[in-house]
Amino acid sequence: MLPRLTPVTAWAAVCALVVTLASSGRAEDYHLPPIGSPAHGEALIAEKGCGGCHMIPGILGADGLVGPPLTMMGRRVFVAGLLRNTQQNLAAWVLDPQRIVPGVAMPSTNLTPAEALDVAAYLETIR
Ligand code: HEC
């Protein structure tokens, strides 16, 4: 015989299902809301001249071809073919690419870590 479905047991069943579904995926399948300010990141990207080397969607005049186009950055699996694409890794790259790949053509920037997180927050919105 099936147990009677009271509102409380129905609610418990829904919660159990949600927990099961949530734990069946891997953590990196979920895109958490970005920390920092994408709007400030967008302004910094324009100000720092990243567009001289990169084509960057949403940034006026950013049509450089020295580095790869930063299209769909929010959907990429890797940053620079090397780091898992998380906001923190993207910020670490933007802050100091020379520390990650010594001699790479992208110069280290003079952003603060908080500014690099803002820049990464903007790049992650490019989907
Ligand atoms: C002098 C040219 C130059 C400038 C200026 C520059 N970059 Fe780059 N950037 C590169 C090159 C070259 C690469 C490719 C490095 C690699 O993949 O090994 C790169 C890679 C990247 C990547 C990884 C792209 C990918 O496809 O995974 C990101 C993100 C990035 N740059 C963001 C920025 C941002 C943001 C700025 C401004 C703060 C900036 N870059 C300024 C040349 C530049």
message = Need pairs with beta-carbon distance below 9 Å; first residue within 7 Å of the ligand (Cβ to nearest atom) and within segment 75-87, second of a type in the set (Lys, Arg); sequence gap 6+ or separate chains.
response = Phe78/Arg84
Set Pro107, Pro97, Pro68: member being within 9 Å of the ligand (Cβ to nearest atom), closer than 16 Å to Gly52 by Cβ and buried (at least 19 other Cβ atoms within 10 Å of the Cβ) = Pro97
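Considering only segment 57-68, I want to know if a residue exists there that is closer than 23 Å to Gly36 by Cα and among the charged types (D, E, K, R).
Restricting attention to segment 57-68, the residues satisfying the condition of being closer than 23 Å to Gly36 by Cα are 57-60, 62.
Of the ones still in play, those that are also among the charged types (D, E, K, R) are none.
So far as segment 57-68 goes, no, none of its residues is closer than 23 Å to Gly36 by Cα and among the charged types (D, E, K, R).
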note = By residue number, the members of segment 30-60 that are in a loop (DSSP other than H, G, I, E, B), farther than 14 Å from Ala121 by Cα and open to solvent by 60 Å² or more (accessible area, probe 1.4 Å) are Tyr30, Leu60
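The values are calculated or read from the model by the stated rules, or taken from the named source; none is laboratory data. Note that this is a predicted model, so its numbers are computed, not measured. Don't worry about glycine lacking a Cβ; one is built from the backbone with ideal geometry, like all the others, and counts go over all protein chains shown. These accessible areas exclude ligands, DNA and RNA; they are computed on the full protein's heavy atoms, side chains included. Shrake-Rupley method; radii C 1.70, N 1.55, O 1.52, S 1.80 Å.
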